[in-house]
Ligand SMILES: Cc1ncc(COP(=O)(O)O)c(C=O)c1O
């Protein structure tokens, strides 16, 4: 596969970037002596940088977003057609793409009913927290306002989203945080907090209930969890965990909010990660894969029961959900999302994610047999993690610099992989793979071969 225009000279663009762009999560000193890397073009599973070098992308755009792959003209056409008709109107009014997308999305989410649009995952989570808080005020005089979140989960970049994030380095230097957010233990059995457990899933869920009882169930209104913890180290929930979590929420009248910002729309082989575990959430948030990065759109989806809280008392002008997001009225988002959803369905990408995910997992387990530095292999569908350790017995985590060196070696080989980074004091040691849902066995062979080579060179 070729880049469409190899003749372009990007030196001025690189200079403009170096002089004026502030990159995310980046220390810029290095650009005084080297060029910032620029990704110029993408097609299918591949992207090209400004030098014309091609990469096989196992990260779906770096942060698990471009689920249907690059260069989808159908999505671009749908966005263009919508924008020339009507680009924007505030979401207090309805729109054609908004209504049609909401209806198509809800079809994929039995038990759910209403879609609130905004433009980022952090924002979608903030909406959920505001809903839980407003319900606490309306129903419980404000007392049941606390929201529980889990160690190692990430819920976004704003101060309140960080207040509900269990990653110490992500949070460092940004406090003080929003009050009323309480951490519960993670559910990574490989790093068990309770030694050898006969039923770790049950134990990890019970740990949540212990916190609820300590805080007082009448003070806890919500629990937010990722279905599979993503940036916290690709943590798949242990057996029995979710059934108990659901029962605990029911027992204590706590709203269950699932953050599907990463798993949402196909990444794990089902439309949503929670659909693997027979859970009935009250609120589901999503962003990245909703429109595969072709437009900025996020959704806070609720049951009709949650929605009902906000219309029960029409004479009270404080009873409605008093929230607005300007760009929730951008029609590019739902137009792109509707087409993205159609592509996933038409091209059988859920099935492909399942089949390819199993193939990838098998290959990674083989790789683990070969390289003792791979302590644990985890994953679901096309989202997999390799936790690197210096010693399999002590499970002493590999350093962030070692882990990043593997990522850099793969990049030099023309394969983009990810890793947990600057999230934890000790555990920035998991390689993350999240290729687009269109990937083939040949793509996965190439990705695993690059990691194999990199690990071989490093140890
Ligand atoms: C699970 C999860 N929730 C929320 C977010 C925040 O999304 P955004 O960066 O769109 O605000 C992320 C981002 O990586 C995420 O991984």
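Please treat every number below as a calculation from the coordinates, not as lab data. The structure displayed is predicted, hence computed values, not measured ones. Positions of Cβ are backbone-derived with ideal geometry, glycine not excepted, and every protein chain shown enters the neighbour counts.
Sorted by packing (mean other beta-carbon atoms within 10 Å per residue), highest first, where do 57-64, 328-335, 186-193, 420-427 land? Don't skip to the end; give the middle numbers.
Details: 57-64: 23.4, 328-335: 25.0, 186-193: 19.5, 420-427: 17.5.
So the peptides 57-64, 328-335, 186-193, 420-427, ranked by packing, come out 328-335, 57-64, 186-193, 420-427.
Would you mind ranking 101, 307, 321 by Cβ crowding within 10 Å, fewest neighbours first?
Numbers: 101 27, 307 16, 321 19.
In increasing order of surrounding Cβ atoms, one gets 307, 321, 101.
Cα atoms only: what Rg and Dmax, in Å, come out for region 99-180?
Answer for region 99-180, Rg first and Dmax second: 15.0, 43 Å.
Among bridges DSSP assigns within the chain, what percent are antiparallel (round to 5)?
The antiparallel fraction comes to roughly 65 percent.
If one computes P(r) from the Cα atoms of region 393-443, what percent of pairs lie at distances over 15 Å? Write down the numbers at each step before the final one.
Numbers: 676 of 1275 pairs.
For region 393-443, the fraction of Cα-Cα distances above 15 Å is 53 percent.
If neighbour count is taken as other Cβ atoms inside 10 Å, put 378, 322, 342 in order from fewest to most. Write down the numbers at each step before the final one.
Details: 378 21, 322 10, 342 15.
Arranged by neighbour count, lowest to highest, 378, 322, 342 become 322, 342, 378.
Using Cβ contacts closer than 10 Å as the measure, can you line up 171, 239 from fewest to most?
Details: 171 16, 239 12.
Ordered by Cβ neighbours within 10 Å, fewest first: 239, 171.
Using only the alpha carbon atoms of region 362-435, find the Kirkwood hydrodynamic radius as the inverse mean reciprocal pair distance, in angstroms to one decimal. Walk me through the intermediate numbers first.
Values: mean 1/r = 0.0804 Å⁻¹.
Answer for region 362-435: a Kirkwood hydrodynamic radius of 12.4 Å.
Which value at 222 nm does the chain reach when only helices count, each DSSP H run of 4 or more adding -39,500 (n - 2.57), with the total divided by all residues and rounded to the nearest 500 deg cm²/dmol? Don't jump to the answer; show the numbers that get you there.
On the way: 13 runs with 164 residues, N = 459.
Estimated from H runs of four or more residues: -11000 deg cm²/dmol.
What whole number of Å gives the distance from the Cα centroid of region 210-253 to the Cα centroid of region 137-181?
Region 137-181 and region 210-253 have Cα centres separated by 14 Å.
Step by step: find N for the chain, compute 2.2 N^0.38 Å, then divide the Cα radius of gyration by it. What's the final number? Walk me through the numbers before you get to the answer.
Working: Rg = 22.1 Å, N = 459, 2.2 N^0.38 = 22.6 Å.
Rounded to two decimals, the normalised Rg is 0.98.
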